[in-house]
1. Quick one: is ARG166 without any contact (Cβ under 8 Å) to a residue 60 or more places away in the chain and either in contact with a Cys (Cβ under 8 Å, 6 or more places away or on another chain) or in a helix (DSSP H, G or I) (or both)?
2. Is it the case that some residue within the stretch 10-22 is surrounded by fewer than 19 Cβ atoms within 10 Å (Cβ to Cβ), part of a helix (DSSP H, G or I) and among the hydroxyl-bearing types (Ser, Thr, Tyr)?
3. Give the stretch 176-196 a look and list any residue that's open to solvent by 40 Å² or more (accessible area, probe 1.4 Å) and out of contact with any Phe, Trp or Tyr (no Cβ under 8 Å at 6 or more places or on another chain), or say none.
4. Checking LEU54 against (1) in a helix (DSSP H, G or I); (2) within 24 Å of the chain's Cα centre (by Cα); (3) in contact (Cβ under 8 Å) with a residue 24 or more places away in the chain: exactly one of these is not met. Which one?
5. Among the residues of the stretch 1-31, count how many are polar (S, T, N, Q) and touching a residue at least 24 places away in the same chain (Cβ under 8 Å).
6. For a quick check of your reading of the model, give me the residue pairs whose first member lies in the stretch 186-202 and is at negative phi, whose second is of a type in the set (Lys, Arg) and part of a loop (DSSP other than H, G, I, E, B), with beta-carbon atoms closer than 9 Å and at least 6 apart or on different chains.
7. Hey, does the stretch 123-143 have a residue that's among the aliphatic types (A, V, I, L, M), crowded, with 17+ Cβ neighbours inside 10 Å, in contact with a Ser or Thr (Cβ under 6 Å, 6 or more places away or on another chain) and within 21 Å of GLN15 (Cα to Cα)?
8. Please pick out the residue among ALA107, ALA117 that is open to solvent by less than 70 Å² (accessible area, probe 1.4 Å), assigned to a loop (DSSP other than H, G, I, E, B) and touching a Gly at 6+ places or on another chain (Cβ under 6 Å).
Amino acid sequence: MNKQEKVQFVIDTLQEIYPNVPIPLDHKDPYTLLIAVLLSAQSTDVRVNQITPLLFAKADNPHAMIRLSEEEIREIIKPVGLSPMKAKGIYGLSKILIEKHNGEVPADIDALEELPAVGHKTASVVMSQAFNVPSFPVDTHIHRLMYRWNLSNGKNVVQTEKDAKRLFPKELWNELHLQIIWYGREYSPARGWDLEKDVITRTIGRKSVLDEYYKKRTRG
């Protein structure tokens, strides 16, 4: 298969497995999504979805959030990890949203990236999932799979995002990045990986990755 055929194979396979792809983080509007994505850094979506109902019961908008203290926020979000930094970020960005954006989350990636504790990936997720603007946020699953599928060199997430945007049609980005995340979790994980179940890597995978996999299997 040439590169274009491989890309089409990825698109077709993912569309078949995930025709209606769910958004992993529970939210009801751009603000609650922004907070959930911020909390998910170095944590799991499952854990975040357990904690956000507790937080949003007390504060589900910037005005209510800054009525809580940083300490109160930190106490609620402690189970997701990195709580001092995240609490500071949540309080700080809520204040800025009120002061600069009339309490609304801006549909602008540069304005989002200026908010405390909001990096490029978080901003891209919000643009994609809250505002339906074509974006390709790269998480660890996408970074791993783009390398396994020989569609990117694995150098860094910036390069992986560039390659993904270059290879995949723009109108598919928002759906595709979610499909790849779900596929990575369910069929091509970092640990406990079974190539028998992973039809995409088995079919188009990087030779060195496949060789390494089989070598480990024979050693095991």
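1. yes
2. yes
3. Scanning the stretch 176-196 gives ARG185, GLU186, TYR187, ALA190, ARG191, GLY192, ASP194, GLU196.
4. So the condition that LEU54 fails would be (3).
5. Step one: list which residues in the stretch 1-31 are polar (S, T, N, Q), which gives 2, 4, 8, 13, 15, 20.
Applying the additional criterion that residues be touching a residue at least 24 places away in the same chain (Cβ under 8 Å) yields 13, 15.
Residues in the stretch 1-31 being polar (S, T, N, Q) and touching a residue at least 24 places away in the same chain (Cβ under 8 Å): 2 in total.
6. Pairs found: GLU186/LYS197; TYR187/LYS197; SER188/LYS197.
7. yes
8. Exactly one residue qualifies, and that residue is ALA117.
The values are calculated or read from the model by the stated rules, or taken from the named source; none is laboratory data. What you see is a predicted model, and the numbers here were worked out from it, not measured in a lab. Positions of Cβ are backbone-derived with ideal geometry, glycine not excepted, and every protein chain shown enters the neighbour counts. Surface accessibility is based on the protein's heavy atoms, side chains included, excluding ligands, DNA and RNA. Shrake-Rupley method; radii C 1.70, N 1.55, O 1.52, S 1.80 Å.
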